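Worksheet for the structure shown next.
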Amino acid sequence: MSQPPGPHSSHEGFGAPFDPAEGAAPGSQPPAPQPGYGYPGAPQPGYGYPPAPQPGYGYPAAPQPGPYGARSGPYTQQPGPHGPQPGPHHPPQAGPHGSPPPGGSPEGRRRFGGRPARIVGAVLAALLVAGGVVRFATGGDGERPAAGGGDRPASSPAADGKADATDRTDSELVEAAGAGREQGEAKLRWVKSLGVDLPGQALTVFGPWQSGDVVAHAVRRTVSGYSAQDGRKVWSLKVSADICAAPTLPTGDGKIVIAFEEHTEDGADCSVLRMIDLRTGRAGWTKTLPAGGFREIRRDVAMSVNGDTVTYARAGRVLAYDVGDGKEVFGMPTGPCRPYAFTSGPRMIAATSCAPLGDDRADQRIQEVDPLTGEARWTYDVGAGWTVDQVYSTDPLVVSVQKGDAWKAVALRADGTLRAEIDLGTRDVDFGFADYEVRCGGYQMVTSNKDDCAGVAADSDTFYVSTKRQHAEFDIDNKLVAFDLDTGEQKWTVAAPLGRRVEPLGTEDGQVLVYVAPTKKQGGEIATAPAAGGDLRTVLAHPASTAAIEDGFAGGKIDYANGRSLVTRSVVGLEEDDNIEVTTKMFMAFGD
């Protein structure tokens, strides 16, 4: 059975990772969002950020969206004539220094979980093309949330005695960016650095997850929450071993369930679940899963959240629990077909295999599942030889499928019947060759979540994707392409500015929200294009003074709402220079 590489890996907070020296403050509360500081009491939908989920599908009646809206992943729901639409985000790539992850350490080898060498080589090659990686911070044992945080001013002057921008402390960088801000450029509101020298291999960052004014992420053995207002760390929670899986989205009321390894020794099983309240950093229930049937595919873990149901799927088994109390909701669905991954959000879409366990023959289905019973509401057969790749949008439903190097997107109606097929050309999963640029999952290939892609968006009648980057007059650019969801035909294209890269983030009010990637000298931009096609129009220009740093976030996640953007690094790794590592920027927040 073919499954795509999974996202996420071990990681820490959006900025300085947890430091035991900071002390612990159990139960410390994050600051309440202030409506007057550019954050309305309830963020408005659009630009890839969802309206409040409606009751049903197990969702609570009053979820708490964050100041940037919900994370802009493919299951972030957006308004549209036929319901919410997705707003994807950048998946992880590497940092700015070009160092590949170590291949010789037992830990480094274990991270790839026995995947074929050509896949590992392709990942390393992609990292080298995208940029370097940065090392992670070590985490210790313990589970107490700790308040505080602050910057780590560990920097060293450049060889010529002048401090580079990346050597500045976070507060110095904000001050310098303000002083050098050009007319029409957005303000750099706050920035957070890694802050800790951590030995180890390259790691993917889980998250970001947002609830109220808290933005949280997980790195290695620590989950941390930060104020979206000013980047201040408001809590940090450690677990006893490496975090190995997590859902792409939290619950509507701000809870997440992470999975971590049973111990710290090599070969540990990814079998311990813990619920965490993102608003307070408080840990809830903990559950150790039964080992039977899991160990043979230790790393192929997919997790999702649908209302108050969290699912853990691996090796042909599904376990579902109530997020609030950890009680079992349903077990493995009956019948010859076995779901092996679900999407998070209001619609629980399953990738299902009907082939015997261990049989590589493709015999797969797409299903919509009831999160309270685990029963399928409808089933769509993707066709002989085709495998379910990723779900690009849940409403409208657009699913990526692949057969060999052939690649297409399947648009389905609400009842699971075929609406249209969109030919996406060819793609080689192992080596990353493709006609269109859609990045899914994380660097470590630890999980198999089906809802973590960037570079795709959809509204009620159109699917948006960007082409693979191409050289044009000694530089790189690409195009944004729109496809008709009723016919599968191409509607229009719009070219990126010369030397820049564009990718869709979401839709709003008849406009497509687009991220224009930075260069070393030009800051990134949030732009819009008319849904009917037309020129890009910039709505938020990131400052040129921080362009080189933002460019080092290549492949990071982009969130935007209410005139503010948040750029998040998605992977950190090995960096020979500890000073560079410590000052590596993890978060950058822009806007007035």
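The values are calculated or read from the model by the stated rules, or taken from the named source; none is laboratory data. Keep in mind that what you see is a predicted model, and the values were worked out from it rather than measured. When we count neighbours, we look across all protein chains shown, and the Cβ atoms used for this are built from the backbone with ideal geometry, even at glycine. For the accessible areas, the whole protein counts, side chains as well, though only heavy atoms, and no ligand, DNA or RNA atoms are used. Shrake-Rupley method; radii C 1.70, N 1.55, O 1.52, S 1.80 Å.
So the values come out like this:
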item	result
Residue list for the range 499-515, restricted to those being surrounded by fewer than 23 Cβ atoms within 10 Å (Cβ to Cβ) and assigned to a strand (DSSP E or B)	Gln511
Residue list for the range 254-271, filter: of a type outside the set (A, V, I, L, M, F, W, C) and either more than 19 Å from the chain's Cα centre (by Cα) or open to solvent by 10 Å² or more (accessible area, probe 1.4 Å) (or both)	Lys255, Glu261, Glu262, His263, Thr264, Glu265, Asp266, Gly267, Asp269, Ser271
Residue in the range 418-428 that is surrounded by 15 or more Cβ atoms within 10 Å (Cβ to Cβ) and out of contact with any Lys or Arg (no Cβ under 8 Å at 6 or more places or on another chain) present	yes
All strands (runs of 3 or more DSSP E) inside the range 200-262 with 1 or more residues being among the hydroxyl-bearing types (Ser, Thr, Tyr)	206-211, 222-227, 233-238
Hits in the range 498-507 (condition: of a type in the set (D, E, K, R) and over 21 Å from the mean Cα position of the chain (by Cα))	Arg500
Among (1) part of a loop (DSSP other than H, G, I, E, B); (2) touching a strand residue (DSSP E or B) at 6+ places or on another chain (Cβ under 6 Å); (3) more than 18 Å from Pro336 (Cα to Cα), the one test that Trp407 misses	(1)
Qualifying residues in the range 197-244 (those that are at positive phi and within 16 Å of the chain's Cα centre (by Cα)) - the one surrounded by the fewest Cβ atoms within 10 Å (Cβ to Cβ)	Arg220
Pair list, Cβ under 6 Å, 6 or more apart: the range 500-515 residue of a type in the set (Phe, Trp, Tyr), other residue part of a strand (DSSP E or B)	Tyr515/Glu503; Tyr515/Leu505; Tyr515/Ile558
Test: residue in the range 272-288 that is assigned to a loop (DSSP other than H, G, I, E, B), touching a residue at least 60 places away in the same chain (Cβ under 8 Å), of a type in the set (S, T, N, Q) and open to solvent by 10 Å² or more (accessible area, probe 1.4 Å)	yes
Test result for Thr447, of a type in the set (Ser, Thr, Tyr), at pLDDT below 95 and surrounded by fewer than 23 Cβ atoms within 10 Å (Cβ to Cβ)	no
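Yes/no matrix, rows are residues, columns are (1) on the phi < 0 side of the Ramachandran plot; (2) modelled with pLDDT of 85 or more:
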position: Ile276; (1), (2): yes, yes
position: Gly281; (1), (2): no, yes
position: Thr288; (1), (2): yes, yes
position: Phe294; (1), (2): yes, no
position: Ser304; (1), (2): yes, yes
position: Thr311; (1), (2): yes, yes
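Okay, residues lined up against (1) open to solvent by 30 Å² or more (accessible area, probe 1.4 Å); (2) within 25 Å of Gly207 (Cα to Cα); (3) modelled with pLDDT of 95 or more; (4) in contact with a Gly (Cβ under 8 Å, 6 or more places away or on another chain):
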position	(1), (2), (3), (4)
Asp435	yes, no, no, yes
Val438	no, yes, no, yes
Arg469	yes, no, no, no
Phe474	yes, no, no, no
Asp477	yes, no, no, yes
Ala517	no, yes, no, yes
